[in-house]
Each structure stands twice: as C-alpha cells, then as structure tokens.
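The values are calculated or read from the model by the stated rules, or taken from the named source; none is laboratory data. Predicted model only: the values in this text are computed from it and were never measured. No Cβ is skipped: glycine too gets one built from the backbone with ideal geometry, and neighbour counts run over all protein chains shown. Only protein heavy atoms, including side chains, enter the accessible area calculation; ligands, DNA and RNA are left aside. Shrake-Rupley method; radii C 1.70, N 1.55, O 1.52, S 1.80 Å.
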Amino acid sequence: MRVYLGYPESLAPNGRFKLKDLFLKEVDVDYESIPIEVKRKLLSLLENLEKKSYIFIGNVIYDAIDILEFALFSREPHSVKEVLLPGYLYGKPTFLVRNLFEKTFGAKVSVFYDFNLFSPETLVLNVGYVKSSLSLGGTFLSIVPVGEFHMVDLLGNYFFNRFLLEKGISNTELRKKGLRGELLDRFRSFAGRVLFKGLRRLNLPDYSYSREVTEREVDLVLSPVTGSSNYGDFVKEATEFSSAVVLSLYRFEEVFKERPKVREIAVIGRLKFPFISVLRRIFPVPVREVSEDELLTLSPVNRKYKVYLHRVDFPTYKGNPFLEVPVETLEEVSIKSLRYLFNRRDLRGLNVIAELTERNLEGEELASFVYELLYIMKRSSFRTKEEVAYLDYAISALSRLEIPEELFDRVLEEMAGKAFNWLLPLRTKLNILYFCHRFADKVKETDLKVFPPLLLSYVRDKKLPEGERNFIRTAARLVYSVELDLYERKGEEGDGNNCRYCKGDREGK
C-alpha cells in the first residue's frame with residue numbers, strides 16, 4: 001500500500017485524511033476549542049517535523065513527530081509499503097518519517113518524493129502550508145519559504161485594512177471594543193473563500209459593507225508574495241517566490257554548469273493559480289495541474305534520490321540605505337542637462353531634478369519636464385543604486401508638480417508599474433504613497449487604489465521608524481477621503497511632522 005503525506009490532505013488507497021483531524025480525534029480535543037496559534041502549527045505540521053516541544057495541548061507537550069505518530073494510528077500504518085513525500089520534506093524530515101514507520105509501526109517502507117514520479121525535464125512544484133518545493137531536472141531541489149498561508153494571510157489583512165479605510169474606523173477603536181480579532185478572522189475567511197472558492201463579493205451586513213473583488217485586485221494584492229522577477233534579471237537575494245525561482249535557476253547553472261532543461265511544469269497542491277502565473281512567465285512551457293489521487297497511481301520514472309538541496313531564506317528587513325547626493329553648483333540647470341546627466345547615471349542630475357521642481361514651471365516647459373521624468377521612470381530599474389535614486393527623485397518631483405491633464409494618464413500608468421514592483425526600496429514606496437495622497441481624486445479608479453491598504457499590510461512586520469509608520473497610516477486614510485489632518489494629527493496616529501514624506505521635503509537629500 002502506498003500513502004501520500006501532504007497538505008492539505010494526505011491520501012491512501014482507502015481514502016483521504018487530514019493529519020490534524022486524526023491527531024485531535026486521537027487525543028479527544030475539539031478543533032474549535034484550540035487557539036489560532038495552535039491551529040496554524042497543526043496545519044504546518046509536515047514542514048516542522050523536526051521541531052521539539054511543538055505544541056502544548058490538553059496539558060501535554062508534543063514533539064511534531066509525536067503528532068504525526070498519533071495521527072497515523074488509525075490508518076493501518078503497519079501495512080504501508082511505500083511512502084510518497086512532498087519535495088519540501090527532503091532531508092531530516094524524511095529520516096524521521098522512515099524511522100517512525102519502521103521503528104514504531106514495524107513497516108519497512110520505500111520512500112519516494114513527488115519529483116521521482118516525473119521525468120527530469122519536468123519542473124515539479126509542490127505547494128505546502130508555509131513552504132513549497134521546486135525540483136529542477138530531478139537533481140536540484142529548492143525549498144522556498146512561501147506557501148498557501150502567506151497568500152491567505154496577505155489577502156485577508158489587505159481586505160481588513162481596506163475595510164478600515166473605507167469605513168473610517170481605526171484599529172484602536174476596534175481594540176477598545178474587543179472587535180479587532182474577530183473582524184480580522186472574518187476577512188481572512190473571506191480571503192480563503194476568494195482564493196479557493198472563487199468568492200467575488202465581500203459582505204458584512206452588520207457594518208453595511210459590501211463590495212466586489214476583481215481578479216485584477218487579487219493579482220495586485222498577492223504581488224508582494226508572487227513577485228515580478230524574470231529569468232535574466234539581476235537578483236541579489238530572494239525576497240518572494242519569483243525571485244526565489246530565478247535565484248534557484250542561477251544556482252542550478254553554477255552547480256551543474258548548464259541551464260536546466262524544462263519542457264513541462266507539474267504543480268501539486270490546493271492553491272495553484274498564483275504560482276502557475278509566475279512559472280508561466282519564467283518558463284513558456286505547458287503546465288500540468290496534478291491531483292493527489294494521480295500521485296498514488298504514478299510509478300517512479302526518475303530514481304535519483306541524492307539531490308542537490310538549496311534552501312532559500314528570505315532576509316530580515318533592514319531598511320533601505322540611500323545614496324548621498326553630491327552637492328555641486330552646476331553651470332546649467334535645464335532639462336537638456338538633466339537628460340545628459342541621467343544617461344550617464346551621474347548623480348548630479350538629482351540636484352537638477354530638485355531645482356527644476358522648485359521652479360514654477362508652466363506651459364511647454366512644464367510638459368517637457370514631466371516628459372523627462374517619465375523618461376527617467378521608464379528607464380530606471382532596481383539594478384543599481386544610481387537608477388533607484390533617479391527613480392525616487394522622479395516620483396517625488398511628480399508628486400509635487402501640477403501635472404498637465406493630457407499627461408496624467410501616462411504618469412498614472414508609470415506610477416502603478418513601479419508601485420507593485422516589490423524589489424524597489426521602501427523609501428520609493430513611500431514617495432509613491434505621497435503621490436497617491438496628493439492626487440487622491442485621480443487614483444481612485446486605477447490600480448493605485450489598491451496600493452495604500454496593501455502597503456499597510458506589507459509593512460506590518462517591518463521595523464520602521466515611527467514617523468514613517470504614522471505617515472503610511474495617515475496618508476492611506478487620506479487617499480480614501482477620510483477627514484484627517486496630515487500634519488497635525490496626534491495620539492494614536494502620532495505626529496505627522498516627524499515624517500519627511502508628509503511635507504514632500506526633499507531638499508536634495
């Protein structure tokens with residue numbers, strides 16, 4: 001008998017089962033009675049099999065492998081001959097599973113991985129709860145710290161933040177009433193139904209709140225997790241799924257001195273579409289969605305068990321160091337000199353942007369300057385610090401100019417393209433948020449309306465100065481037309497005067 005241990009369900013010839021449900025039944029504990037932190041640990045059980053003292057429940061401390069043992073008692077483990085595992089269990093978890101079957105259940109088992117069931121030319125992705133595995137050529141395995149949880153968590157938190165902005169409710173107000181946790185859970189539930197069941201309308205009758213959710217909105221909200229990196233991009237470190245995939249491809253080339261041959265993609269897991277969209281962009285090859293039932297019927301075709309293991313770790317946020325701008329007196333401060341300096345990525349051009357912004361340009365001269373800033377935005381990327389600096393100054397300038405009406409759509413398009421590129425520094429994001437605040441009436445019907453509440457969700461686990469965090473909260477509210485005084489608000493939101501972005505104060509720094 002073959003058994004597949006996976007997420008969200010495991011599978012055997014005699015039916016599907018959830019490990020968390022079997023464990024709780026064995027120890028006679030109701031799932032609804034346990035804290036949310038324990039629920040999450042049970043859902044991420046397989047990815048943490050090596051953890052000791054994993055949960056405390058019913059006055060008993062359980063190691064993660066103990067929980068798996070309890071869960072398998074009722075599934076005839078002694079008759080198992082083959083155990084099929086997701087690629088993200090390669091390594092020590094495999095040893096623990098094999099040891100459990102042989103030492104505890106007396107079953108000598110053969111262990112296979114998902115990638116053993118596919119040809120070396122098939123890229124195999126298995127999406128877990130908090131981790132996913134990516135097999136290249138059947139010999140290279142990347143374990144990426146992105147799973148189903150991160151998608152649901154981000155989307156649910158965004159729904160919650162947008163609800164607060166649209167209703168003009170503060171977090172403090174909800175906490176005082178003891179309603180914050182309940183509301184957040186409701187929006188996470190909405191997120192799960194949007195992602196797994198295609199829900200397209202959020203309804204909270206008790207708050208007179210109802211709105212439609214579009215596919216475009218969901219794609220934009222998930223962008224901090226899915227990413228926008230492509231093969232050939234300069235990727236210094238992985239920060240989301242796409243950059244992790246690209247970095248894995250570069251690592252494959254370093255190890256094997258060749259490019260991986262990918263002719264097909266196989267995706268396993270409950271939540272597939274956000275990952276499929278990333279892989280289709282990087283690999284223009286057919287994608288096959290594989291069910292757990294199919295895994296039980298496939299025979300191993302790639303019997304390489306010794307693979308190169310590449311664990312991807314996302315760095316802790318450390319802020320975004322910015323280049324100091326050389327203060328030099330230029331003989332000519334003009335749009336022509338700006339083009340010359342930018343084409344050479346000469347940082348003196350930043351002073352030109354700052355000085356031209358301070359001048360009260362009008363008519364054709366103003367339009368020419370806006371055109372030049374759009375040119376800079378189009379040709380600036382995140383690849384060098386100089387380009388990021390130019391991009392930052394161009395965005396800051398556009399947020400302070402009286403942009404001609406005939407150019408506004410082009411500015412909005414460029415701004416939206418940069419807003420959802422999460423490889424750019426947070427400093428640049430704050431300048432885009434200031435643009436959204438300044439032109440709130442213009443961004444309401446564009447993709448940029450998603451940006452302020454999404455930025456609130458994005459920075460919640462970042463270590464930011466209090467002034468910047470206060471600015472994000474306050475500016476986001478103003479974009480949604482809530483009556484707040486950006487510069488004088490005190491108390492819960494702090495003092496907006498502490499944040500340089502509130503005043504658009506560039507001063508060439």
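Restricting the search to the stretch 1-26, which residues are surrounded by 13 or more Cβ atoms within 10 Å (Cβ to Cβ) and more than 20 Å from residue 270 (Cα to Cα)?
1, 2, 23, 24, 25, 26 - these are the residues of the stretch 1-26 that are surrounded by 13 or more Cβ atoms within 10 Å (Cβ to Cβ) and more than 20 Å from residue 270 (Cα to Cα).
If a residue has to be surrounded by fewer than 19 Cβ atoms within 10 Å (Cβ to Cβ) and of a type in the set (Asp, Glu) to count, how many in the stretch 96-116 make the cut?
1
Among 217, 264, 240, which is the only one that is surrounded by 14 or more Cβ atoms within 10 Å (Cβ to Cβ), touching a strand residue (DSSP E or B) at 6+ places or on another chain (Cβ under 7 Å) and of a type outside the set (A, V, I, L, M)?
So the residue among 217, 264, 240 that is surrounded by 14 or more Cβ atoms within 10 Å (Cβ to Cβ), touching a strand residue (DSSP E or B) at 6+ places or on another chain (Cβ under 7 Å) and of a type outside the set (A, V, I, L, M) is 264.
Output yes when any residue across the stretch 41-49 is over 13 Å from residue 128 (Cβ atoms) and loosely packed, with under 15 Cβ neighbours inside 10 Å, and no when none is.
No, the stretch 41-49 has no match at all.
Can you tell me which residue among 92, 131, 176 is open to solvent by 10 Å² or more (accessible area, probe 1.4 Å) and modelled with pLDDT under 95?
Within the list 92, 131, 176, the selection yields 176.
If the Cβ limit is 8 Å and pairs must be 6+ apart or interchain, which residue in the stretch 45-58 that is in contact (Cβ under 8 Å) with a residue 60 or more places away in the chain and assigned to a helix (DSSP H, G or I) pairs with which residue that is β-branched (Val, Ile, Thr) and open to solvent by less than 60 Å² (accessible area, probe 1.4 Å)?
If the second residue must be β-branched (Val, Ile, Thr) and open to solvent by less than 60 Å² (accessible area, probe 1.4 Å), the pairs left are 47/130.
Checking the structure you have, find out if any residue of the stretch 368-378 is farther than 25 Å from residue 423 by Cβ, open to solvent by less than 50 Å² (accessible area, probe 1.4 Å) and touching a residue at least 40 places away in the same chain (Cβ under 8 Å).
Yes, the stretch 368-378 contains a residue that is farther than 25 Å from residue 423 by Cβ, open to solvent by less than 50 Å² (accessible area, probe 1.4 Å) and touching a residue at least 40 places away in the same chain (Cβ under 8 Å).
Within the stretch 134-173, how many residues are open to solvent by 10 Å² or more (accessible area, probe 1.4 Å) and of a type in the set (Gly, Ala, Ser)?
3
Please enumerate the residues belonging to the stretch 117-128 that are touching a Gly at 6+ places or on another chain (Cβ under 7 Å), open to solvent by less than 10 Å² (accessible area, probe 1.4 Å) and outside any strand (DSSP E or B).
Listed by number, the list holds a single entry, 128.
Residues of the stretch 432-444 being open to solvent by 10 Å² or more (accessible area, probe 1.4 Å) and either of a type in the set (D, E, K, R) or closer than 11 Å to residue 471 by Cβ (or both), which ones?
Looking only at the stretch 432-444, we keep the residues that are open to solvent by 10 Å² or more (accessible area, probe 1.4 Å), and these are 434, 437-442, 444.
Listed by number, the residues that qualify are 434, 437, 438, 441, 442, 444.
Any residue that is part of a helix (DSSP H, G or I) and over 19 Å from residue 114 (Cβ atoms) - is there at least one of those in the stretch 10-20?
Yes, the stretch 10-20 contains at least one residue that is part of a helix (DSSP H, G or I) and over 19 Å from residue 114 (Cβ atoms).
Test residue 166 against the criterion of being closer than 23 Å to residue 448 by Cβ, among the charged types (D, E, K, R) and part of a helix (DSSP H, G or I), and give yes or no.
Numbers: closer than 23 Å to residue 448 by Cβ: yes; among the charged types (D, E, K, R): yes; part of a helix (DSSP H, G or I): yes.
Taking the combined requirement at face value, the residue satisfies it.
If I filter the stretch 12-33 for residues that are modelled with pLDDT under 95 and under 21 Å from residue 95 (Cα atoms), do I get at least one hit?
For the stretch 12-33, residues modelled with pLDDT under 95 and under 21 Å from residue 95 (Cα atoms): present.
Has the stretch 144-155 got at least one residue that is in a helix (DSSP H, G or I) and farther than 23 Å from residue 242 by Cβ? Spell out how you get there, then give the answer.
Within the stretch 144-155, the first condition is being in a helix (DSSP H, G or I), and the residues that meet it are 148-155.
Pick out the ones that are also farther than 23 Å from residue 242 by Cβ and you get none.
Taking every residue of the stretch 144-155 in turn, none turns out to be in a helix (DSSP H, G or I) and farther than 23 Å from residue 242 by Cβ.
Which pairs have Cβ atoms under 8 Å, sit 6 or more apart or on different chains, and link a residue in the stretch 273-285 that is closer than 12 Å to residue 123 by Cα to one that is in a loop (DSSP other than H, G, I, E, B) and at pLDDT 95 or above?
Short answer, once both residue conditions are applied: 283/262; 285/262; 285/263.
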